[in-house]
Amino acid sequence: MHRRHALGLSVAALAAGLPVLARAQAKGPFKIGFILPMTGQSASTGKQIEAAIKLWQAQNGTTVAGRKIEVIVKDDGAVPDVTKRIAQEMVVNDKIDVLAGFGITPCAFATAPIATQSKTPMVVTAAATSVITERSPYIVRTSFTLPQVTVPIADWASKNGIKRVVTFVADYGPGIDAEKFFKSEFQLGGGQITGEIRTPLKSPDFAPFLQKVADLKPDAVFCFLPSGQGAAFMKQFGERGLDKSGIRLIATGDVTDDDQLNEMGDVALGVVNSHHYSAAHPSAMNKKFVQAFEAANKFRPNFMAVAGYDGMHLIYNALAATKGQGGGDALLAAMKGQLFESPRGQILIDAQTRDIVQDVYIRKVERVPSMGNQLYNVEFDVRKAVKDPGKAK
Ligand code: DHB
């Protein structure tokens, strides 16, 4: 009763009315429904992922095992109630085969019950709170988790002379993950947390929080903010003179986001951070990816674009594995355990957790003369095949 209500009655009615026929006719186009923030403060995430979808299809075609692939992109403005309504419409009216996208964690949470009830695989290509994959057995993730990218920088910090840290995170799922996992790893390495600051997700003014950092005078501030907020943070960090105060900035790569890094300018130079993707990753595949992406768009791909590109790769592989038949459970089974090379390096979808296993790099922001004198996250160390520490209980 409760379940039916949550999904809307029309699904049940449809399922009862057209059982066999609907399946037979399903050999029409295979539909992938992406729900992305194309407007609002997370719009850069939607812009990056949509560009990556287009690039994937330009390079790999729009037919898999005889099925025409149809991608539908809808804008939720990163508003969870809107995400949920669009997901219902996509499942009930558009009869999509796979749900994908989800720019921020609350939007993924809002959709999880719909994936479960309709047995539709839900490929998360952006949101990164650890627990998301546990909200539905139909969720598979190609992005990353905050614990996965935070533990390496915490470990690096404690081994590189940093003793006292103030954490500075966006006040919602991924920020809480970053704060918690930074703290435990850093303390394990002998470090001390001397302050914990949380900033609002919506339209944050960082100034008062940065003043607090200045007052606390730690050796370093560890920062996580979602994609799209890094440039504003960095600007205010510089305006308050924090870059010259002796307080180091360390971060997850969400802050030194390739989408905005060049705008940040010199204040970002030297920031050590950890993440799973840099546009400067020196593999042959990545060089090709970045070149094609930049030729098609007038901007650089970031970690969101790569997760969207790999999400398409995962879905294409799964459909091919079912010989074009599809079906929620068959697709899901085919997604589990997939291993392939991404522009970021090798990635694996852990068959047990359905979460991504990947290398995490320690990087430093540098101006790179051989790459047009632009700012890049230059990788200098790597943790291989990192599983989400949020699940390794
Ligand atoms: C999330 C969003 C981001 O833009 C990001 O960089 C990391 C996490 C999220 O909401 O899960």
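Against the chain, whose longest principal axis is taken from its Cα atoms, helix 230-239 shows a tilt of about 10°. Just to confirm my numbers, what's the Cα centroid distance between segment 224-244 and segment 183-198 in Å? Cα centroid of segment 224-244 versus Cα centroid of segment 183-198: 21 Å apart.
Show log10 I(q)/I(0) for segment 241-335 at q = 0.17, 0.19, 0.25 Å⁻¹, two decimals, from a solvent-free Debye sum over equal Cα scatterers. Debye intensities relative to I(0), on a log10 scale: -0.85, -0.95, -1.21. Placing +1 on each Lys and Arg Cβ and -1 on each Asp and Glu Cβ, with no other charges, gives the chain a dipole about its Cα centre of roughly 780 debye. The P(r) of segment 165-310 has a tail past 18 Å containing 58 percent of all C-alpha pairs.
Between D266 and Q325, the distance separating the two model label sites (each 7 Å from Cα on the Cα→Cβ line) works out to 6.4 nm.
For a test of the definition: using alpha carbon positions, the gyration tensor, and the 1.5 limit on a/c, classify segment 312-352 as rounded, prolate or oblate.
oblate
Net length available on complete extension from K384 to K244 is 47.0 nm, with 0.36 nm assigned per residue and the Cα-Cα distance removed. Look at where the Cα atoms of segment 320-393 and of segment 74-144 average out, and the two centres are 19 Å apart. Between the helical axis of 43-60 and the longest alpha-carbon principal axis of the chain there is an angle of about 60 degrees.
Report the antiparallel proportion of the DSSP beta bridges in the chain as a percent, rounded to a multiple of 5. Around 40 percent antiparallel, to the nearest 5.
Working from Cα positions, state the angle (0 to 90°, nearest 10) between the long axis of helix 303-321 and the longest principal axis of the chain. On a 0 to 90 degree scale, this one is about 30.
Full extension of the segment from K287 to Q374, taken as 0.36 nm per residue of separation minus the current Cα-Cα distance, would add 29.8 nm. The length gained by stretching the chain between S203 and S184 to full extension, at 0.36 nm per residue less their Cα-Cα distance, is 4.0 nm.
Among residues other than A112 with Cβ under 11 Å from its Cβ, the summed charge is +1 (Lys and Arg +1, Asp and Glu -1). Calculated over the chain, the projected area of the Cα convex hull averaged across directions stands at 18.5 nm².
The numbers here are math on the coordinates, done by the rules we state, and not lab data. What you see is a predicted model; the values in this text were computed from it and never measured. Positions of Cβ are backbone-derived with ideal geometry, glycine not excepted, and every protein chain shown enters the neighbour counts.
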